[in-house]
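Here's the structure we're looking at; comments come further down.
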Amino acid sequence: MTVPQHIRTDEPMATLDVDRSDAAYRKWLKEAVRKVQADANRSADTHLLRFPLPETWGIDLYLKDESTHPTGSLKHRLARSLFLYGLCNGWIRPDRPVIEASSGSTAVSEAYFAKLIGVPFIAVMPRTTSAEKCRLIEFHGGRCHFVDDPRRMYEASAALAAETGGHYMDQFTYAERATDWRGNNNIAESVYRQMELERYPEPAWIVATAGTGGTSATIARYVHYMQYDTRVCVADPENSCFFEGWTTGDAGVTTDRGSRIEGIGRPRMEPSFVPGAVDRMMKVPDAASVAAVRALEEAIGRRAGGSTGTGLWSALKIVSEMVAAGRTGSVVTLLCDPGDRYLDKYYSDDWLAAQGLDIAPYRAAITSLLATGVWPD
Ligand SMILES: Cc1ncc(COP(=O)(O)O)c(C=O)c1O
């Protein structure tokens, strides 16, 4: 064997020893982790709501209501996981800012956790982000930094982190691995536990939407790990490349416009989206997503964001297929965040007109489906 010249074999090697332990930092770290864990400990589980369908169909449709988290969206779970991951990896440091690229919801939740542990927070977001989300980020003590082109969010965040000595959280890369997909009360485990006393406890389908892809990855991995028969569908809006990337297998697809459905739909295949774990994808017109959230309000008296509509539209299509096949069972989708964040968008007819969106045919389709069980072509 050839021995590299710089390694001497003729005399015993000295022990090299670098100790970077820092008592003050470790004390801060312990306290920060305790505060994040304590927040989880104070929190209750989110509800599983029923969307009324005709009893005779033998199909039950549910929405996991993630809008009731302290920061109002499913991103509360992700933000908690990312903070714990960043803290335990030694990436988040006292007094150093946390920076995140976000379409808004993650930033609201991360601003909350940054404040909880006492570090500054900067959200890098598209300029079109809803005013209410910006207000919430600032309410939690965060700062908003806008970019005109949503595709530039990633590099702008990395640049800000380098400039400030902060940590770029990078949800789009780390969402899938920061979340405990085997259990630990993740969103999927919680759904299955809440379904235990239902007439069809194991859902035939769970429908998710994708921003980072982390939620769909967690659900799909959990389903496979637990050996359930449930199938997982991801609903994608317009101006997003997940559907095309998934159907063609091309991880390099991009789109040149930002999604109108806040929180979901991305201009590139995000690293946290795990295509192989997903059974099915649907591409949903934005007008259908808005029609579905309006129908949700009529059905259960709750307003939700556009991404909830994207998932609900796909879930209703699956329900109609089950009716047609004479199949009974349950379908679960997510109520991702509340509608009061989007009064100037999905609940504004002026916004719809400005966007050239006509929701009338899609509303009629939902009304007809709920009356007859048949999906109108
Ligand atoms: C409102 C809303 N719905 C759904 C999602 C999708 O979640 P995920 O990032 O886990 O794919 C997001 C993500 O940002 C969101 O903000």
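Distance cut-off 20 Å, Cα to Cα: go down the list Lys317/Lys345; Lys75/Lys133; Lys115/Lys345 and report the pairs above it. Flagged as over cut-off: Lys317/Lys345; Lys115/Lys345.
Given 0.36 nm per residue, what is the gain on full extension from Lys115 to His145 after removing their alpha carbon distance, in nm? Could the numbers behind the result be given before it?
Values: separation 30, 0.36 × 30 = 10.80 nm, distance 1.74 nm.
So the extension gain works out to 9.1 nm.
Under the convention that each Lys and Arg Cβ holds +1 and each Asp and Glu Cβ holds -1, the size of the dipole of segment 75-175 around its Cα centre is about 260 debye.
Only one residue of Val33, Met195, Pro237 has its Cα farthest out toward the positive end of the dipole of the chain, where Lys and Arg carry +1 and Asp and Glu -1 on Cβ, and that residue is Val33. Stretched out straight at 0.36 nm per residue, the stretch from Leu197 to Ala325 would grow longer than its current Cα-Cα span by 43.6 nm.
What is the ratio of the Cα radius of gyration of segment 75-175 to 2.2 N^0.38 Å, with N the residue count, to two decimals? If you can, show how the numbers build up before the last one.
Values: Rg = 11.9 Å, N = 101, 2.2 N^0.38 = 12.7 Å.
Relative to the 2.2 N^0.38 Å estimate, segment 75-175 comes out at 0.94.
Given the convex hull over the Cα atoms of the chain, what projected area results after averaging over all orientations, in nm²? Over every viewing direction, the Cα hull of the chain projects on average to 23.9 nm².
Counting other C-beta atoms within 10 Å, and keeping those with at most 14, which DSSP coil trypsin sites (Lys or Arg not before Pro) do you find in segment 238-305? Show your work: numbers first, answer last.
Numbers: sites: Arg257, Arg260, Arg268, Arg280, Lys283, Arg294, Arg302, Arg303; in loops: Arg257, Arg260, Arg302, Arg303.
Passing sites in segment 238-305 are Arg257.
A simple spin-label model places the labels of Asp349 and Asp256 3.5 nm from each other, with each point 7 Å out along Cα-to-Cβ.
Values quoted throughout were computed directly from the atomic coordinates according to the rules given, and no laboratory measurement underlies them. Predicted, not measured: the structure shown is a model, and the values here were computed from it. We place every Cβ from the backbone using ideal geometry, glycine too, and count neighbours over all the protein chains shown.
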